[in-house]
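Student: Starting off with a structure, shown below.
The values are calculated or read from the model by the stated rules, or taken from the named source; none is laboratory data. Keep in mind the model is a prediction, meaning the values are calculated, not measured. FYI the Cβ positions are ideal-geometry reconstructions off the backbone, even for glycines, and counts take in every protein chain you see. Just the protein is used for accessible areas: all its heavy atoms, side chains included, with ligands, DNA and RNA removed. Shrake-Rupley method; radii C 1.70, N 1.55, O 1.52, S 1.80 Å.
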Amino acid sequence: MRGTPGFLLAVGLGLIGAVVNWLYLAQKARQLDHLDFVGIREDVTINPGDRFQKDNFLRIPVPQHAVGGLQKAAVTWTALDTVVGMPATKSYSPGEIVLWQDLKTPAVTDLLDTLGPNDVAVGVPIDTRTVVVQNLNPGAQVSFITPRLGSLGPTPAGSEKIQVPEFVGPFEILALGTRKGQLQVLQSSGGSSTQETTMTIRVRNMDGKPEEKWRQLLEVMRASNSAPLGVILHGKEGPRGKGSEGKK
């Protein structure tokens, strides 16, 4: 029995050592875990107005235990595609982490601020059953799917019959409901958007007359009684479809 206290002491010390060792290993594991953020490459300088290119960026790993509030404030590498193509609102130095707050453009309170002297803003109802509005952002190019209407109705005497293709476009998005910027940037600043079933597009007047694709879209909207239209999103390099401008 004399050896019992010593035995218990040894067991206790062994358990304490095991716990300390486990805590040490757990801490080291947490230090190895990291989250990647979007940073500016060492050989790149960004000026205000420059559009971000994918090769402007590098991964900046931050240990998970040191991330803190940076995860909400900075752009993570998984959100890189959201940033590509956006205009810079400030100068960036090599190695600088990109923050959501810096991507927030001044609020546009009047669409007149986005229109040129030959532009007009036009609202188009869109079919949210066939398009995820959150995937669309102002500045993108879209075309509208023409519903099967058969004949578009009688043509007024003396007017030219407008030939409407399977879809009409492309048009630049100016706003989606009340949203005039990137959705993720809006959300990061605590904002929200409404009425996104209406898309506002840019239409240009050519020599004082509406461009042909707008005349086609207007004809479709009139014939369909302004029914919501399906939307085709074009790639950043330009339209890839056979819209009114792509047919030859």
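Student: Restrict the check to the stretch 164-183 and report whether at least one residue is more than 24 Å from LYS236 (Cβ to Cβ), of a type in the set (Gly, Ala, Ser) and at pLDDT 85 or above.
Tutor: No; the residues of the stretch 164-183 include none that is more than 24 Å from LYS236 (Cβ to Cβ), of a type in the set (Gly, Ala, Ser) and at pLDDT 85 or above.
Student: Next question. Give me the pairs, please: first residue somewhere in the stretch 118-147 and under 24 Å from ARG51 (Cβ atoms) and of a type in the set (Ser, Thr, Tyr), second residue anywhere and part of a strand (DSSP E or B) and open to solvent by 20 Å² or more (accessible area, probe 1.4 Å), beta-carbon distance under 6 Å, and either six or more positions apart or on two chains.
Tutor: Here the result reads SER143/PHE167; SER143/ILE232, each pair linking the stretch 118-147 to a residue that is part of a strand (DSSP E or B) and open to solvent by 20 Å² or more (accessible area, probe 1.4 Å).
Student: Might you check whether a residue that is of a type in the set (A, V, I, L, M), outside any helix (DSSP H, G or I), over 23 Å from PRO138 (Cα atoms) and in contact with a His (Cβ under 7 Å, 6 or more places away or on another chain) occurs anywhere in the stretch 66-84?
Tutor: No.
Student: Condition check: among the aliphatic types (A, V, I, L, M) and at pLDDT below 80. Does VAL20 satisfy that?
Tutor: Answer is yes for this residue.
Student: Go through (1) in contact with a Lys or Arg (Cβ under 6 Å, 6 or more places away or on another chain); (2) at pLDDT below 85; (3) more than 29 Å from ARG179 (Cβ to Cβ) one by one and return the number of the condition LEU58 breaks.
Tutor: (2)
Student: Here is a follow-up. List every residue pair whose Cβ atoms lie under 7 Å apart, where the two residues are 6 or more positions apart in sequence or sit on different chains, the first residue falls within the stretch 200-217 and is under 15 Å from VAL231 (Cβ atoms), and the second residue, located anywhere, is in a loop (DSSP other than H, G, I, E, B) and open to solvent by less than 80 Å² (accessible area, probe 1.4 Å).
Tutor: Correct list of pairs: LYS213/SER244.
Student: Being under 14 Å from the mean Cα position of the chain (by Cα) and not in a helix (DSSP H, G or I) is the filter here; which residues of the stretch 85-107 pass it?
Tutor: If the condition is that a residue be under 14 Å from the mean Cα position of the chain (by Cα) and not in a helix (DSSP H, G or I), then GLY85, MET86, PRO87, LYS104, THR105 are the ones that fit.
Student: Just name the residue that is most open to solvent (accessible area, probe 1.4 Å) out of those in the stretch 132-159 that are modelled with pLDDT of 55 or more and over 15 Å from the mean Cα position of the chain (by Cα).
Tutor: ARG148
Student: Regarding GLN187, is this residue modelled with pLDDT under 85 and within 17 Å of the chain's Cα centre (by Cα)?
Tutor: yes
Student: If you don't mind, another one. Checking the conditions here, which among ASP50, ASP33, ASP43 is closer than 20 Å to GLN101 by Cβ, modelled with pLDDT under 90 and among the acidic types (Asp, Glu)?
Tutor: Exactly one of ASP50, ASP33, ASP43 is closer than 20 Å to GLN101 by Cβ, modelled with pLDDT under 90 and among the acidic types (Asp, Glu), namely ASP50.
Student: Here's something else I'd like to know. If you go through the stretch 53-83, how many residues are open to solvent by less than 30 Å² (accessible area, probe 1.4 Å) and in contact (Cβ under 8 Å) with a residue 40 or more places away in the chain?
Tutor: 5
Student: Moving on. Hey, can you tell me all the residues within the stretch 217-248 that are at pLDDT 85 or above and at positive phi?
Tutor: ASN225, SER226
Student: Would you mind finding the one in THR45, THR76 that is among the hydroxyl-bearing types (Ser, Thr, Tyr) and closer than 16 Å to LYS90 by Cα?
Tutor: THR45
Student: Kindly check whether there is at least one residue in the stretch 195-216 that is modelled with pLDDT under 90 and in contact with a helix residue (DSSP H, G or I) (Cβ under 6 Å, 6 or more places away or on another chain).
Tutor: Scanning the stretch 195-216 turns up at least one residue that is modelled with pLDDT under 90 and in contact with a helix residue (DSSP H, G or I) (Cβ under 6 Å, 6 or more places away or on another chain).
Student: Let me ask something additional. Name the pairs whose Cβ atoms lie under 7 Å apart, with the first residue in the stretch 151-178 and within 19 Å of VAL203 (Cβ to Cβ), the second at pLDDT below 55 and aliphatic (A, V, I, L, M), and 6 or more positions between them or separate chains?
Tutor: Short answer, once both residue conditions are applied: VAL164/LEU152.
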